[in-house]
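Colleague: The structure's right below; bear with me while I get my questions together.
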Amino acid sequence: MWRFIGFRILQAIPVILAVITVTFFLVRAAPGGPFDSEKAVSEQVKAALEARYRLDQPMYEQYLSYLGDLLQGDMGPSFYYPGRSVNDLIFQGLPITAELGLYALLIALIIGCAAGVFAALKPNTVQDYLPMSVAMIGICMPSFLLGPLLVLIFGIWLDVMPVSGWGQTMGDKVLPSITLGAMYAAYIARLSRSGMLEVMNQDYLRTARAKGLPERTVVLRHALRGGLLPVISFLGPAFAALLSGSFVVETVFQIPGLGRFYIQAAFNRDYTMILGTTVFLSTLIVIFNLLSDIVAAWLNPRLRYQFRQ
Amino acid sequence: MLFTRARLFALSVTLLLAACGGSSDSETRVEVGNREGVFHFGNHSEPQGLDPHIVTGVPEHHILGALFEGLVTKNPYDLSIEPGVAESWEISDDGKMYTFHLRDNAKWSNGDPVTAEDFRWSWQRGMSPILGGEYSYMYNPIENAEAYNSGQMADFSQVGVKVLDDYTLQVKLAAPTPYFLQLLDHYSMFPVHRATIEKFGSPDDRLTQWAQEGNIVTNGAFVLTEWQINSHLRVEKSPLYWDADEIKLNAIVFYPTENLVTEERMFRDGQLHRTEEIPLDKLIAYQTEQPEITRVEPWIGSYFYMFNTTREPLTDVRVRKAIAMAIDRELIAETVTQGLYIKSTALVPPGTVGYNPPKTFDFNPEEARQLLAEAGYPNGEGFPPMDILYNTHEDHRKIAVAIQQMLAQNLNIQVNLVNQEWKVYLDSHNNMNYDIARRGWIGDYVDPYTFLNMYITDGGNNKTGFSNARYDDIILNLAPAELDRDKRYALYHEAETILLENMPILPIFTYQYKHLFATSVKGMPDNIMGYYNYKYVYLEPEA
């Protein structure tokens with residue numbers, strides 16, 4: 001097991017390095033720079049700006065000094081927000097995005113697992129079709145539609161929820177969490193349904209039934225453990241994606257999370273911020289994939305056995 | 001086992017949702033604000049920063065106007081100049097020497113007095129060639145400022161800014177600049193607090209922390225009390241401000257409302273007193289159903305296309321004129337932009353304090369066809385394919401499509417539409433890598449000069465290849481030296497006529513701004529600059 005984890009961590013290093021390198025050179029290759037603006041700036045001003053952000057150095061020197069800073073945990077100053085570092089900006093947005101992501105994930109897990117298991121108990125009946133159709137709509141409905149729709153119904157017509165904000169007025173966290181969670185709930189419902197269907201026909205369940213256990217115990221104690229495995233492996237990347245923030249949900253609900261920085265940085269050609277958010281996100285994805293593999297191994301005796309060999 | 005855990009989760013989430021799930025039958029934020037004198041301001045986007053010598057945008061302008069005060073301010077009703085930190089001033093007969101008398105009770109938010117030396121030091125910083133302030137050209141009318149800013153002159157004592165005593169500042173201009181006082185109210189010329197800036201690093205370093213929450217020291221009517229990036233920024237009335245008794249608002253909260261649909265919903269939900277925008281598809285509904293809260297007014301900005309006069313066949317002025325005359329601006333303004341923009345046939349917006357731009361052409365498809373034929377393309381035959389470049393935006397696309405149609409219909413020529421993301425578009429524009437390109441320009445101050453100086457030969461904002469000796473002479477030498485307003489405007493008129501006769505640009509519209517304002521907001525009148533003076537603002541709750 002430890003060898004497996006160690007090996008996976010070693011594997012992650014070249015992946016992240018490749019992400020940094022490709023991003024570093026791609027953002028600089030894009031037409032238009034961070035200091036291009038509608039108003040012409042004089043040559044002196046332009047030179048002063050480039051010197052301050054080391055853009056006047058040769059590309060490989062910029063790259064090496066960036067890597068050097070990054071190794072010390074310094075993602076550099078933001079090009080767009082003078083006086084703020086990329087570290088500050090990311091860690092200012094992260095707690096908010098994490099909180100939103102956690103609520104969304106909880107909502108997704110509860111609704112998704114319940115719907116999936118419920119559907120799998122009686123496949124190809126109304127009990128299956130109904131939640132699965134809803135899930136299909138959930139997957140198809142983009143959050144830029146669902147968000148404003150929920151706001152319109154609960155915020156404007158019924159006037160029971162605030163239309164925007166995060167932690168500013170009572171209840172303003174509810175609608176964004178539901179909006180963000182809905183899509184994941186739909187995925188989880190479909191995953192847990194197919195996972196459950198697969199295990200429901202396994203021998204060990206027949207044994208469980210044969211020894212006279214009530215169906216409830218069969219499902220809850222024996223089937224769920226295997227049936228939810230696909231959901232577990234989905235959770236890793238899903239949580240990483242949630243932590244990187246949702247630009248759409250954050251914009252629709254005016255939430256100061258990471259997702260808005262991510263997109264704004266690209267539009268502003270904020271080189272260090274683009275790099276910082278990309279490196280941060282790719283590291284998260286690598287970590288959470290690793291974690292979900294470990295949890296899956298822990299839950300699945302066959303995989304556990306393989307590692308021991 | 002798992003199921004009971006799941007049930008626990010379910011229970012906790014339900015509790016959580018119930019805990020934060022409130023209802024909004026209590027007062028809205030705006031109603032509370034009306035009662036407590038707190039203005040909720042939809043401010044479009046997150047400010048880049050609060051260092052007046054570095055930032056460049058309108059959202060920053062709205063905030064800095066609350067935090068800082070220059071030598072003078074403006075009356076929001078007629079844009080006339082009013083005393084700020086300077087309580088009076090004298091201008092020499094030749095219009096070049098300004099002597100400002102500062103009030104002795106103006107204070108920084110830490111209690112230090114605001115002195116003439118503060119201005120001298122701040123302006124030196126603002127003009128610093130190392131700081132790289134993008135608005136440093138605002139100092140150019142001051143004698144030798146341009147040389148100092150470009151690094152050609154290292155000795156700041158040669159620049160026309162002198163401290164006569166603690167409360168007297170003398171400014172010498174290179175040429176009489178009738179709009180100079182207006183510039184003093186621009187944030188790039190605001191004073192900054194020397195001790196604070198030096199505490200956090202070199203004054204010439206744009207990356208220090210001095211302008212962050214908790215560090216910044218300001219001299220305006222309000223002080224920064226809270227700044228959560230991408231969420232809100234709150235300023236509160238400063239008890240140390242020299243005219244604090246006249247300030248009626250207790251606080252202003254600025255929200256970065258990038259998404260205009262969200263912003264409009266926030267307004268409807270009673271979260272904002274004022275929006276930065278109105279979604280175009282809701283404009284007519286607001287104008288007809290709630291005119292009392294809808295404000296659509298002319299703005300000092302022009303929407304136009306530019307011709308690359310170095311590319312065939314746009315090198316021929318007849319072709320440029322033919323294209324300009326083939327476009328029915330009125331029709332586009334009414335149908336495509338739903339009355340949001342106003343038809344324009346000149347660069348300078350009309351009504352720029354008494355200046356009225358020349359009218360050299362109008363929509364005339366007959367004459368357009370004739371000009372095109374004279375240029376060698378009768379009925380558009382043999383006209384090479386060409387692109388209209390615009391930055392990606394739904395409104396620009398609609399306008400470009402209409403123009404494309406009109407050119408096909410009236411001149412029988414085909415143009416392609418090319419859209420590019422903003423920074424890519426800027427890159428194409430700056431490198432003159434276009435045939436015809438969209439352009440917008442908002443004036444920095446109320447004087448035709450802020451528009452006309454764009455098109456001097458090789459000017460940084462020209463980028464059309466246009467060059468005319470008489471035009472340059474008027475803009476660079478004759479008009480700046482002219483003290484009499486009418487004579488100066490006559491010169492501008494002549495220059496703009498030259499510009500339009502040569503037509504390196506294709507005027508289309510004058511901008512209008514559009515905002516929603518709660519009825520409780522008073523003292524924020526419309527003016528061509530979209531300028532607010534918070535000293536005048538108060539909130540009057542409905543009875």
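The values are calculated or read from the model by the stated rules, or taken from the named source; none is laboratory data. Note that the structure is predicted; figures quoted are calculated from it, not measured. Counting neighbours? That spans all protein chains shown, and the Cβs are built from the backbone with ideal geometry, glycine included.
Colleague: Please determine, by comparing only the residues of the stretch B:262-293 that are among the β-branched types (Val, Ile, Thr) and in contact with a strand residue (DSSP E or B) (Cβ under 6 Å, 6 or more places away or on another chain), which one is nearest to the other protein chains (Cβ to nearest Cβ). Explain how you work it out, then say what you get.
Modeller: Here is the first cut: in the stretch B:262-293, the residues among the β-branched types (Val, Ile, Thr) are B:262, B:275, B:278, B:284, B:288, B:293.
Those still in the list that are in contact with a strand residue (DSSP E or B) (Cβ under 6 Å, 6 or more places away or on another chain) too: B:275, B:278, B:293.
Working: B:THR275: 13, B:ILE278: 16, B:ILE293: 16 Å.
Out of the qualifying residues, it is B:THR275.
Colleague: Of all residues in the stretch B:461-479, count the ones that are surrounded by fewer than 21 Cβ atoms within 10 Å (Cβ to Cβ) and under 30 Å from B:GLU297 (Cβ atoms).
Modeller: First, the residues of the stretch B:461-479 that are surrounded by fewer than 21 Cβ atoms within 10 Å (Cβ to Cβ): B:461-462, B:465, B:467-470, B:472-473, B:476-478.
Next cut, under 30 Å from B:GLU297 (Cβ atoms) only: B:461-462.
Going through the stretch B:461-479 one residue at a time, the tally reaches 2.
Colleague: Picking from A:ALA12, A:ALA48, A:ALA29, which residue would you name as being within 14 Å of chain B (Cβ to nearest Cβ) and more than 30 Å from B:SER128 (Cα to Cα)? Before the answer, list the steps.
Modeller: Numbers: A:ALA12 fails: within 14 Å of chain B (Cβ to nearest Cβ); A:ALA48 fails: more than 30 Å from B:SER128 (Cα to Cα).
Exactly one of A:ALA12, A:ALA48, A:ALA29 is within 14 Å of chain B (Cβ to nearest Cβ) and more than 30 Å from B:SER128 (Cα to Cα), namely A:ALA29.
Colleague: Those residues that are within 14 Å of another protein chain (Cβ to nearest Cβ) and more than 23 Å from B:GLU292 (Cβ to Cβ), I need them from the stretch B:240-261; list them, please.
Modeller: Taking the stretch B:240-261 first, the residues within 14 Å of another protein chain (Cβ to nearest Cβ) are B:253-261.
Within the stretch B:240-261, B:VAL253, B:PHE254, B:PRO256, B:GLU258, B:ASN259 qualify.
Colleague: Would you confirm whether or not the stretch A:197-207 contains a residue that is assigned to a loop (DSSP other than H, G, I, E, B), over 22 Å from A:LEU242 (Cβ atoms) and either touching a residue at least 60 places away in the same chain (Cβ under 8 Å) or more than 8 Å from chain B (Cβ to nearest Cβ) (or both)? Walk me through how you get there before you give the answer.
Modeller: If we filter the stretch A:197-207 for residues that are assigned to a loop (DSSP other than H, G, I, E, B), which is where we start, we get A:201-202.
Adding the requirement that they be over 22 Å from A:LEU242 (Cβ atoms) leaves A:201-202.
If we keep only those that are either touching a residue at least 60 places away in the same chain (Cβ under 8 Å) or more than 8 Å from chain B (Cβ to nearest Cβ) (or both) too, we end up with A:201-202.
Yes, that holds for at least one residue.
Colleague: Restricting attention to the stretch A:107-128, report how many residues are surrounded by fewer than 22 Cβ atoms within 10 Å (Cβ to Cβ) and more than 9 Å from chain B (Cβ to nearest Cβ).
Modeller: Result for the stretch A:107-128: 9.
Colleague: Of all residues in the stretch A:116-153 being within 30 Å of B:THR262 (Cβ to Cβ) and outside any helix (DSSP H, G or I), which is nearest to the chain's Cα centre (by Cα)?
Modeller: A:PRO142
Colleague: Then there's this: Among the residues of the stretch B:433-442, is any over 24 Å from the mean Cα position of the chain (by Cα), within 11 Å of chain A (Cβ to nearest Cβ), under 29 Å from B:ALA495 (Cβ atoms) and not basic (Lys, Arg)?
Modeller: Taking every residue of the stretch B:433-442 in turn, at least one turns out to be over 24 Å from the mean Cα position of the chain (by Cα), within 11 Å of chain A (Cβ to nearest Cβ), under 29 Å from B:ALA495 (Cβ atoms) and not basic (Lys, Arg).
Colleague: Which condition number does A:SER133 fail, the rest of (1) buried (at least 17 other Cβ atoms within 10 Å of the Cβ); (2) out of contact with any helix residue (DSSP H, G or I) (no Cβ under 8 Å at 6 or more places or on another chain) being met?
Modeller: (1)
Colleague: Filter the stretch B:197-231 down to the residues that are of a type in the set (Phe, Trp, Tyr) and within 9 Å of chain A (Cβ to nearest Cβ), then identify the one that is surrounded by the fewest Cβ atoms within 10 Å (Cβ to Cβ). Quick ask: steps written out before the conclusion?
Modeller: From the stretch B:197-231, those of a type in the set (Phe, Trp, Tyr) are B:200, B:210, B:222, B:227; that's our starting set.
Cutting the leftovers down to within 9 Å of chain A (Cβ to nearest Cβ) gives us B:200, B:210.
Values: B:PHE200: 17, B:TRP210: 21.
Checking each candidate, the answer is B:PHE200.
Colleague: Picking from B:ALA221, B:ALA174, which residue would you name as being modelled with pLDDT under 95 and among the hydrophobic types (A, V, I, L, M, F, W, C)?
Modeller: On the way: B:ALA221 fails: modelled with pLDDT under 95.
Of B:ALA221, B:ALA174, the one residue that is modelled with pLDDT under 95 and among the hydrophobic types (A, V, I, L, M, F, W, C) is B:ALA174.
Colleague: Taking the stretch A:84-106 on its own, how many of its residues are over 17 Å from B:GLU46 (Cα atoms) and buried (at least 23 other Cβ atoms within 10 Å of the Cβ)?
Modeller: Result for the stretch A:84-106: 4.
Colleague: Quick one: which helices (runs of 4 or more DSSP H) sit completely within the stretch B:397-474 and have at least 1 residues that are within 30 Å of B:GLY354 (Cβ to Cβ) and out of contact with any strand residue (DSSP E or B) (no Cβ under 7 Å at 6 or more places or on another chain)?
Modeller: Per the criteria, B:449-452, B:469-473.
Colleague: OK, next. From the list B:HIS61, B:HIS44, which one is surrounded by fewer than 24 Cβ atoms within 10 Å (Cβ to Cβ), in a helix (DSSP H, G or I) and under 18 Å from the mean Cα position of the chain (by Cα)? Before you say what the answer is, go through the steps one by one.
Modeller: Working: B:HIS44 fails: in a helix (DSSP H, G or I).
Matching residue, one of B:HIS61, B:HIS44: B:HIS61.
Colleague: Additional query: Sort out which residues of the stretch B:527-543 are more than 23 Å from B:ASP243 (Cα to Cα) and surrounded by fewer than 17 Cβ atoms within 10 Å (Cβ to Cβ), and write them in order of number.
Modeller: In the first step, residues of the stretch B:527-543 are kept if they are more than 23 Å from B:ASP243 (Cα to Cα); the result is B:527-530, B:541-543.
Passing the criteria: B:PRO541, B:GLU542, B:ALA543.
Conditions (1) modelled with pLDDT of 90 or more; (2) closer than 26 Å to B:ASN433 by Cα; (3) not in a helix (DSSP H, G or I), marked per residue:
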site: A:PHE4; (1), (2), (3): no, no, no
site: A:ASP36; (1), (2), (3): no, yes, yes
site: A:TYR63; (1), (2), (3): yes, no, no
site: A:TYR81; (1), (2), (3): yes, no, yes
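Colleague: Within the bounds of the stretch A:72-94, is there any residue that is in contact with a Leu (Cβ under 7 Å, 6 or more places away or on another chain), small (Gly, Ala, Ser) and without any contact (Cβ under 8 Å) to a residue 12 or more places away in the chain?
Modeller: Yes, the conditions are met somewhere in the stretch A:72-94.
Colleague: For the stretch B:116-123, does any single residue satisfy the condition of being within 14 Å of chain A (Cβ to nearest Cβ) and at negative phi?
Modeller: Of all residues in the stretch B:116-123, those within 14 Å of chain A (Cβ to nearest Cβ) come to none.
No - not one qualifying residue is present in the stretch B:116-123.
Colleague: A follow-up question, please. Which members of the stretch A:210-239 meet the condition of being away from chain B (no Cβ under 14 Å) and either in contact with a helix residue (DSSP H, G or I) (Cβ under 6 Å, 6 or more places away or on another chain) or in contact (Cβ under 8 Å) with a residue 24 or more places away in the chain (or both)?
Modeller: A:PRO230, A:SER233, A:PHE234, A:GLY236, A:PRO237, A:ALA238, A:PHE239
Colleague: Could you please find all residues in the stretch A:245-286 being outside any helix (DSSP H, G or I) and among the small types (Gly, Ala, Ser)?
Modeller: Applying the first criterion (outside any helix (DSSP H, G or I)) to the stretch A:245-286 yields A:245-246, A:253-257, A:269-270.
A:GLY245, A:SER246, A:GLY257, listed by residue number.
Colleague: Checking A:LEU180 against (1) away from chain B (no Cβ under 11 Å); (2) within 23 Å of B:GLU264 (Cβ to Cβ); (3) surrounded by fewer than 24 Cβ atoms within 10 Å (Cβ to Cβ); (4) under 19 Å from the mean Cα position of the chain (by Cα), which test does it fail?
Modeller: (3)
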